[in-house]
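K.L.:
What follows is a single structure, and I will ask about it in a moment.
Rule-based calculations on the coordinates, nothing more; no lab input. Values in this document were obtained by computation on a predicted structure and should not be read as measured data. FYI the Cβ positions are ideal-geometry reconstructions off the backbone, even for glycines, and counts take in every protein chain you see.
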């Protein structure tokens, strides 16, 4: 049996008896995200920011930007709920007793600010990598505007560059799942140490990480129909947690050379 199949098998075993809890926790996090988007929609509607064609009205740009900033800040401030969700799956993966309270574990005093700081550093790293991935597409767009290029060739090239950027970004940032679980495992305030361990593990098991996530591609495709996501997301996150648990054990035992 291949490594990814073994990990997925262990994840399914760990989820038995915890599936309802996993779905409830997952739904709670989704509900918070939807609430933030709904709040943004209320602000935009209340101030009449958009016209009949759903375009921003002249003079309403500041209100629109303010509303978006409020929504972004709200998402950032509540981001530790995501860490709590991952903690729940990590505890399930480790065979520990998980509970719904794990979702809000990092809102407790002494944990919230540290977790918020970790999330902001991780977000900054992802944004920098996203920008670097899209540099070729940005350069092409600038050329089209400044030089007046307008042809099907440049449109097709633009689409190819976008797909390329997204693929490279995903492959480049998959390792940060390991960072998030390492933070959960250690609750260390030394973020640089967490990323150092992440890089050490990822360099030696890059192929295993890619193979695990590639094995979920057909499942992820089913999420287009929404309902399958209730099964796929807990399954995938528990598998990622199981994978990180074993990689961390190898690292801590000094067997990862």
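K.L.:
Relative contact order (percent) for the stretch 153-247, with alpha-carbon contacts under 8 angstrom and 6 or more residues of separation?
P.N.:
Numbers: 30 pairs, mean separation 25.6, N = 95.
Computed over the stretch 153-247, the figure is 27 percent.
K.L.:
Based on other C-beta atoms within 10 Å, arrange 173, 58 from fewest to most. Working shown, then result.
P.N.:
On the way: 173 16, 58 7.
Result, fewest neighbours first: 58, 173.
K.L.:
Treat the count of other C-beta atoms within 10 Å as a stand-in for reagent exposure and order 176, 195 from fewest to most.
P.N.:
Ranking 176, 195 by Cβ neighbours within 10 Å, fewest first, gives 176, 195.
K.L.:
Determine the calculated [θ] at 222 nm for the chain from helices alone, applying -39500 (n - 2.57) to every DSSP H run no shorter than 4 residues and normalising by the residue count; nearest 500 deg cm²/dmol.
P.N.:
Values: 11 runs with 194 residues, N = 257.
My calculation for the chain gives -25500 deg cm²/dmol from helical runs alone.
K.L.:
Let me ask something else. Got a sec? How would 90, 100 order by Cβ neighbour count within 10 Å, fewest to most? Kindly include the intermediate steps, with their values, before the conclusion.
P.N.:
On the way: 90 26, 100 12.
Listing 90, 100 from fewest to most nearby Cβ atoms yields 100, 90.
K.L.:
Continuing with the same structure: What angle do you read, to the nearest 10 degrees and between 0 and 90, between the alpha-carbon axis of helix 3-15 and the longest principal axis of the chain?
P.N.:
The helix 3-15 is inclined about 80 degrees to the chain.
K.L.:
Counting C-alpha atoms alone, how compact is the stretch 1-154: give Rg to one decimal and Dmax as a whole number, in angstrom.
P.N.:
21.7, 62
K.L.:
Please determine, in degrees from 0 to 90 and to the nearest 10, the orientation of helix 229-252 with respect to the longest principal axis defined by the Cα atoms of the chain, where the helix direction is its Cα long axis.
P.N.:
Tilt of helix 229-252: around 60 degrees.
K.L.:
Moving to a separate point now. Taking Cα pairs under 8 Å and at least six residues apart, what relative contact order does the chain come out at, in percent?
P.N.:
Working: 199 pairs, mean separation 69.7, N = 257.
Relative contact order, the chain: 27 percent.
K.L.:
Note the angle between two axes, namely the Cα long axis of helix 80-93 and the longest principal axis of the Cα atoms of the chain, as a number of degrees from 0 to 90, rounded to the nearest 10.
P.N.:
Approximately 30 degrees, to the nearest 10.
K.L.:
Would you calculate the separation in nanometres between label points at residue 2 and residue 130, each defined as 7 Å from the Cα along the Cα-to-beta-carbon direction?
P.N.:
Taking the simple label geometry, residue 2 and residue 130 are separated by 3.0 nm.
K.L.:
What is the Å³ per residue value for the convex hull set by the Cα atoms of the chain? Don't jump to the answer; show the numbers that get you there.
P.N.:
Values: hull volume 47.6 nm³, N = 257.
Cα-based convex hull of the chain, divided per residue, equals 185 Å³.
K.L.:
Using label points projected 7 Å from each Cα along Cα→Cβ, tell me how many nm separate residue 57 and residue 94, to one decimal.
P.N.:
Once both label points are built, they end up 5.3 nm from each other.
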